[in-house]
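As structure tokens, the structure follows; a few thoughts come after it.
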Amino acid sequence: MTEAELARDLHAVLEKVRQGLEVVVEQDLQQVAVLRASDPPRRRVSEALALMPKDSTATMDDGFARDVQAAIDSHREPLEPPAWD
């Protein structure tokens, strides 16, 4: 799409991006930009630990990374919300 097309209906273009599409913006048949959804925010472990309750018994031992990876691996299937009638 051209810069003019983008400017004419930015709202519709952003809706396409929200739906997971990438939008290529061109000027004189040259790619100028690619619009895509941003990556979800990530939190460092130290930030996550700071959010834990003071009385938590959780510890970061040698198995912590393995436990986290196992939890991630066990939920790799895409989210399929139920269809409500």
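Just so it is clear, none of the values below were taken in a lab; they were calculated from the coordinates. Computed from a predicted model, the values in this text were never measured in an experiment. Because the Cβ atoms are built from the backbone with ideal geometry, glycine has one as well, and the counts that use them run over all protein chains shown.
Going by the conditions given, is residue 53 surrounded by fewer than 11 Cβ atoms within 10 Å (Cβ to Cβ) and within 24 Å of the chain's Cα centre (by Cα)? For residue 53, the condition - surrounded by fewer than 11 Cβ atoms within 10 Å (Cβ to Cβ) and within 24 Å of the chain's Cα centre (by Cα) - is not met. Can you confirm whether region 35-45 contains a residue that is β-branched (Val, Ile, Thr), assigned to a helix (DSSP H, G or I) and surrounded by 10 or more Cβ atoms within 10 Å (Cβ to Cβ)? Yes, that holds for at least one residue. Residues in region 26-85 that are among the β-branched types (Val, Ile, Thr) and free of Cβ contacts under 8 Å to residues at least 12 places away in the same chain: 57, 59, 68, 72.
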